[in-house]
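Report on one structure; see the data block that follows.
The values are calculated or read from the model by the stated rules, or taken from the named source; none is laboratory data. From a predicted model like this one, the values you see are computed outputs, not experimental measurements. Because the Cβ atoms are built from the backbone with ideal geometry, glycine has one as well, and the counts that use them run over all protein chains shown.
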Amino acid sequence: MAYYHPKYSKNIKKKRTVLHKFIIYILGLLIIAALIIGYLLYNVIYKSNVWLNEKEQLAIYIPTNSNFNNVKSILYEHGVIINRKNFEWLAKQKTYPGNIKAGKFLIKEGMSNDKLINLLRSGINEPVQLIFNNIRTKKQLAEKISEQIEADDESILSLLNDTSYIKKFGLTSHTITTIFIPNTYEFFWNTNAKQFIERIYSESKKFWTDERINKANELNMTTIEVITLASIIEQETSKNDEKPVIAGVYINRLNKNWRLQADPTLIFALGDYGIKRVLNEHKEIDSPYNTYKIRGLPPGPICIPSIASIDAVLNYEKNNYLYFCAKDDLSGYHSFAKTNAQHVRNARAYQKALNKMRIWK
């Protein structure tokens, strides 16, 4: 039987008490340290780190082939990140620098680093509502589109002028714009030029329903010819209720094998869109778009016509008019005539109104 001296037993108890206190002290320190670290990590990960200066949200655009430095520059230039060190640290922990996605991202006020990085890393793009209308030339079209998606105007225009590329659509450099139907389309911002054109081509196929194609066939016209005539009507009037009447006039001229004698085609040929008054000297220009010299339709559209103008051709008014000119009240509407004598009177009245306004060209 073992025997412990009372004094020795007391020492053991005292040492145990000290050890227990030390362990409790250390555990307490560890708990405090864990709480501090947890609090700091919480702040880094979950605390709001996006400030938009009282705005609810902000769209940022990350270009294709961007790296982490590019992303930081975009965010910092907008001044939306409150604590940059925390953002960069967590981004590296979540391996975002190796998973950069391009596109348009919608950042919201009060976002945490965690939510922001998850959004950017996910590649979930905010779609762009792409719109184009009132377009005359391919150059103008390319510029308009490049303002709305990542593709630059030079790359778009280059493809629109690339005869070997547009041949795949069965079109030429004169007719390629016939695939563009003015409307609102949903695109991802990081769409390149080729993706854009091929998507628009597929949308134009949807536009030409069986009903529209049948109406074009009844006119003995191709869809390209319909759009070409619609483009002339688009430039003749902004009044949608008058477009079917003007379409009827031009179809009457085509059926009689007359020259269209459409002033807008001369303006397109001259490339001077500031002309208010077409003169006889303008009619002498040597161009396939000079419908005062050539018979039939020009080789392609002179603008990208609206759906209203396209449908005006397909649903043209069957009338006996062969002439028209702008009204002398300058309302934007036109006076229509069946005979040249009637037309001459209408034209003189309009010319008199222009003279009164001192509009000479």
- Would you point out which residue out of LEU260, LEU254 is closer than 16 Å to ILE294 by Cβ, in the same structural domain as GLU284 (by TED's automatic domain parsing), part of a loop (DSSP other than H, G, I, E, B) and not acidic (Asp, Glu)? LEU260
- Selected residue (criterion: modelled with the lowest pLDDT) from residues of segment 273-305 that are out of contact with any His (no Cβ under 9 Å at 6 or more places or on another chain) and within 16 Å of ASN134 (Cα to Cα): GLY274
- Query: Looking at GLU186, is it at pLDDT 95 or above and either under 19 Å from VAL313 (Cα atoms) or in a helix (DSSP H, G or I) (or both)?
  - Reply: no
- Message: Take the residues in segment 164-197 that are touching a residue at least 12 places away in the same chain (Cβ under 8 Å) and among the charged types (D, E, K, R); name whichever of them is nearest to GLY123 (Cα to Cα).
- Response: GLU186
- Item | Pick from segment 306-340, criterion at pLDDT 95 or above and assigned to a helix (DSSP H, G or I), ranking: nearest to the chain's Cα centre (by Cα) | ILE307
- Query: Residues in segment 130-179 that are surrounded by fewer than 18 Cβ atoms within 10 Å (Cβ to Cβ), of a type in the set (Gly, Ala, Ser) and within 14 Å of ALA193 (Cβ to Cβ): how many?
  - Reply: 2
- Determine which member of the set THR209, THR191, THR184 is within 12 Å of the chain's Cα centre (by Cα) and exposed (fewer than 13 other Cβ atoms within 10 Å of the Cβ). THR184
- Message: Let me spell it out: the conditions are (1) of a type outside the set (Val, Ile, Thr); (2) assigned to a loop (DSSP other than H, G, I, E, B); (3) modelled with pLDDT of 95 or more; (4) surrounded by 10 or more Cβ atoms within 10 Å (Cβ to Cβ), and LYS55 meets all of them except one. Which number is the exception?
- Response: (3)
- Go through segment 160-183 and give me each residue that's part of a helix (DSSP H, G or I) and farther than 23 Å from PRO288 by Cβ. LYS168
- Among (1) at pLDDT 95 or above; (2) closer than 23 Å to CYS325 by Cα; (3) of a type outside the set (Val, Ile, Thr); (4) surrounded by fewer than 16 Cβ atoms within 10 Å (Cβ to Cβ), where does ASN214 come up short? (2)
- Of everything in segment 100-129 that's surrounded by 14 or more Cβ atoms within 10 Å (Cβ to Cβ) and assigned to a loop (DSSP other than H, G, I, E, B), which residue is nearest to the chain's Cα centre (by Cα)? GLU126
- Query: If you take the residues of segment 233-251 that are part of a loop (DSSP other than H, G, I, E, B) and buried (at least 19 other Cβ atoms within 10 Å of the Cβ), which of them is farthest from the chain's Cα centre (by Cα)?
  - Reply: GLU242
